[in-house]
Amino acid sequence: MSSRAGGSNSEYVNARVRARRARLYDEESYRRLLRMSPAEIARDMEESTYEREINELGARFGGVDLIEYALNRNLARQFEAILDWAEGQLYDLLVRYLRKFDAWNVKTLLRGVYSDTPAEEVRVDLIQAGDLDADRLDRLADASSVEEIVEGLSGTLFGDALADALEAYEDAGLLIPLENAVDREYYEHLTEELGIAPELAEYRRYLRAEIDFRNAINALRLARSGTDIDPAAYFIEGGDLFSERDVRRLAGDIDELVAYIRESTYGDDLSEALDELEDADSLVGFERALEAAQLEYAGSLGNVFPLSVTPIVAFILAKEREVDNIRAIARGKEAGLGSEEIERELVIL
Amino acid sequence: MAEDVKPTRKNLMEIEDRIELSERGHDTLEQKRDGLIMEFMDILDQAQDVRSELEADYERAQDRINKARAMEGDVAVRGAAAALEEYPELTTQSKNIMGVVVPQIDSSKVKKNIDERGYGLLGSSARIDEAADAYEELIESIILAAEVETAMKKMLDEIETTKRRVNALEFKLLPELRENQEYIEQKLMEQEREEIFRLKKIKAKKEAEEDEEETVEVESEEEETPERVSADD
């Protein structure tokens, strides 16, 4: 696990992040992109913060793939820069949060070797924005078995969890135990030993909300699937909304689960999404509402403690959302979806 | 061709037997054709329903995967798909509809539980679930459509074959057999007439010969009688 000695330099990082935040796409930019074709979007990106990535990847990829890979590479580059600026506890907090990309990369490596995908194709799908160094990821992309990847990750955050889940993988022949072990390890480590510093109180609250939202959507997915799975197996500790017992009790009855969320502290923020969920046969709208609520919540926390870690996390979320939105517009255009339909899928704050 | 047939009574009997058999076969095939057409109409209705469901499922699956690719990214969707190596299993049996052997396709491991799809639940999203759901339903529709449409095509082929057989019997074989029958009957009648005529001729000739013989006898007798009288005298 990486760490950097010394005190936090939140002021400095926040100042740099504020400048980057000002360059994020606003509502008007998205509306402009909605009127463009994928090729025009790529050209537009060439004149924005994505210029370097579009130029780097332009010879290798084309169309919407170019846009998606450029977005991912820019995301990685931006977050890598934040980690480079950060020091001390701030670095530890941010690296914990950004390990979600390590989790992504580990899962990509596992899926690649599981499905015999060529190493080069696996490499382009990696988003190097986390803590795992590029050399290790590069080496692991050439691995020939799942066991080799698990062994190659020993000594990292995911090493022990993956080693423990390896037997279950070998028994079932499915990646689920390994993937769940990676995600669980990420979430559990996120809230571990955060301390009781008052400036971190808001950040802790935000992380709890993120875990609550994750647990809520997963409980709803399990309830919707109607399968006989122990919901506790997919429960993440560290949130406020559910206990393991609550999830086990509620996952069998979707109406009760919706009523429970409605009565919780998130009830007001999510009431519209819950209404939609009760009417529609889809969780996508609710998931989108959760993403918007999470983004809004992180943004508001950033205003309360402008020099803490939360404005930086709020920027990370906003940047991820920008990437998601641009990709959604380009992919939506590629698939022939109408502008209004694409706009409904966007989360713009 | 009627001229190729030897006009014998044996052949006539054989042709009569063949006509009877062909007429029976024609009736049976006609019944089979009508039955097949009725079965085909049922399958056609079913196939139309299955086809429209398939189109709706395809539209839905495309919409879901487009949205999943848009919101989660192509990389995430491909990754989730790559997390499963288990393919659906198909077993085919056959069933018989009025003599037509049509396939019956049984599938397993198409519809999967959320914990059987390979990708982890904790790090994935409902969009991926819905795309997977929609594609599982699409695969089930494709399998059903394959079963129904193959049955439909086989029925159609069989109807076509039966129709050709009925037509061949009705417009080719039976008319030819009847023509042959008529030809032989005519020939036989002609032969009979010739025979009668010949017999009559023979009879007439015989009678003429007999008459001539009698006349000769009478004349010779008459010639003998005056000589005897003159001797007495």
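The values are calculated or read from the model by the stated rules, or taken from the named source; none is laboratory data. As the structure is a prediction and not an experimental result, all values here were calculated from the model. Glycine also receives a Cβ, built like all others from the backbone with ideal geometry; neighbour counts cover every protein chain displayed.
Annotations for the structure displayed:
- Reported count of residues in segment A:311-341, each being more than 19 Å from B:Ala76 (Cα to Cα) and over 16 Å from the mean Cα position of the chain (by Cα), is 7.
- For the residues B:Tyr119, B:Tyr135, B:Tyr183, the requirement of being within 14 Å of another protein chain (Cβ to nearest Cβ) and at pLDDT below 95 singles out B:Tyr119.
- Scanning segment A:231-248 for residues that are more than 9 Å from chain B (Cβ to nearest Cβ) and not in a loop (DSSP other than H, G, I, E, B) gives A:Pro231, A:Ala232, A:Glu244, A:Arg245, A:Asp246, A:Val247, A:Arg248.
- Number of residues in segment A:299-310 that are surrounded by fewer than 23 Cβ atoms within 10 Å (Cβ to Cβ) and in contact with a Phe, Trp or Tyr (Cβ under 9 Å, 6 or more places away or on another chain): the value is 2.
- Exactly one residue out of A:Glu147, A:Glu170 is in the same structural domain as A:Lys107 (by TED's automatic domain parsing), surrounded by fewer than 19 Cβ atoms within 10 Å (Cβ to Cβ) and touching a Leu at 6+ places or on another chain (Cβ under 9 Å): that is A:Glu147.
- Count - residues of segment B:87-115 that are free of Cβ contacts under 8 Å to residues at least 24 places away in the same chain and within 14 Å of chain A (Cβ to nearest Cβ): 5
- Selection count where residues are of a type in the set (A, V, I, L, M, F, W, C), out of contact with any Asp or Glu (no Cβ under 8 Å at 6 or more places or on another chain) and within 9 Å of chain B (Cβ to nearest Cβ), scope segment A:86-125: 2
- Members of segment A:166-188 found to be within 12 Å of another protein chain (Cβ to nearest Cβ), within 24 Å of A:Ala119 (Cα to Cα) and in contact (Cβ under 8 Å) with a residue 12 or more places away in the chain, listed by number: A:Tyr169, A:Leu175, A:Pro177, A:Leu178, A:Glu179, A:Asn180, A:Ala181, A:Val182, A:Asp183
- Matching residues, segment A:62-80, being free of Cβ contacts under 8 Å to residues at least 60 places away in the same chain, over 19 Å from A:Glu47 (Cβ atoms) and either touching a Gly at 6+ places or on another chain (Cβ under 7 Å) or away from chain B (no Cβ under 14 Å) (or both): A:Glu80
- Considering residues of segment A:204-230 that are in a helix (DSSP H, G or I) and of a type in the set (S, T, N, Q) only, the residue surrounded by the most Cβ atoms within 10 Å (Cβ to Cβ): A:Asn215
- Criterion (outside any loop (DSSP other than H, G, I, E, B) and not basic (Lys, Arg)) met by exactly one of A:Met36, A:Met45: A:Met45
- Taken residue by residue, segment A:171-178 has no member that is more than 30 Å from A:Glu147 (Cα to Cα) and outside any loop (DSSP other than H, G, I, E, B).
- A:Glu291 falls short on exactly one of the conditions (1) surrounded by fewer than 22 Cβ atoms within 10 Å (Cβ to Cβ); (2) over 23 Å from B:Ala132 (Cβ atoms), and that condition is (2).
Matching residues to (1) at negative phi; (2) in a loop (DSSP other than H, G, I, E, B); (3) touching a Cys at 6+ places or on another chain (Cβ under 7 Å); (4) assigned by TED's automatic domain parsing to the domain that holds A:Val150:
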residue	(1), (2), (3), (4)
A:Val64	yes, no, no, no
A:Asn72	yes, no, no, no
A:Leu90	yes, no, no, no
A:Trp104	yes, no, no, yes
A:Leu110	yes, no, no, yes
A:Val122	yes, no, no, yes
A:Ala129	yes, yes, no, yes
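Here is a yes/no grid of residues against (1) at pLDDT 90 or above; (2) part of a helix (DSSP H, G or I):
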site	(1), (2)
A:Ala163	yes, yes
A:Ala168	yes, yes
A:Tyr186	yes, yes
A:Gly195	no, no
A:Ala201	no, yes
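- Cβ pairs under 7 Å, 6+ apart, first in segment A:17-38 and of a type outside the set (Phe, Trp, Tyr), second at pLDDT 90 or above and outside any helix (DSSP H, G or I): A:Arg23/A:Thr49
- Single match in A:Gly252, A:Gly267, A:Gly299, A:Gly336 (criterion: within 11 Å of chain B (Cβ to nearest Cβ) and either without any contact (Cβ under 8 Å) to a residue 60 or more places away in the chain or of a type in the set (A, V, I, L, M, F, W, C) (or both)): A:Gly336
- Single match in B:Ile19, B:Ile15, B:Ile37, B:Ile65 (criterion: modelled with pLDDT of 90 or more, within 29 Å of A:Ala330 (Cβ to Cβ) and either of a type in the set (Gly, Ala, Ser) or assigned to a helix (DSSP H, G or I) (or both)): B:Ile65
- Some residue of segment B:81-101 being over 17 Å from B:Met155 (Cα atoms), part of a helix (DSSP H, G or I) and of a type outside the set (Phe, Trp, Tyr): yes
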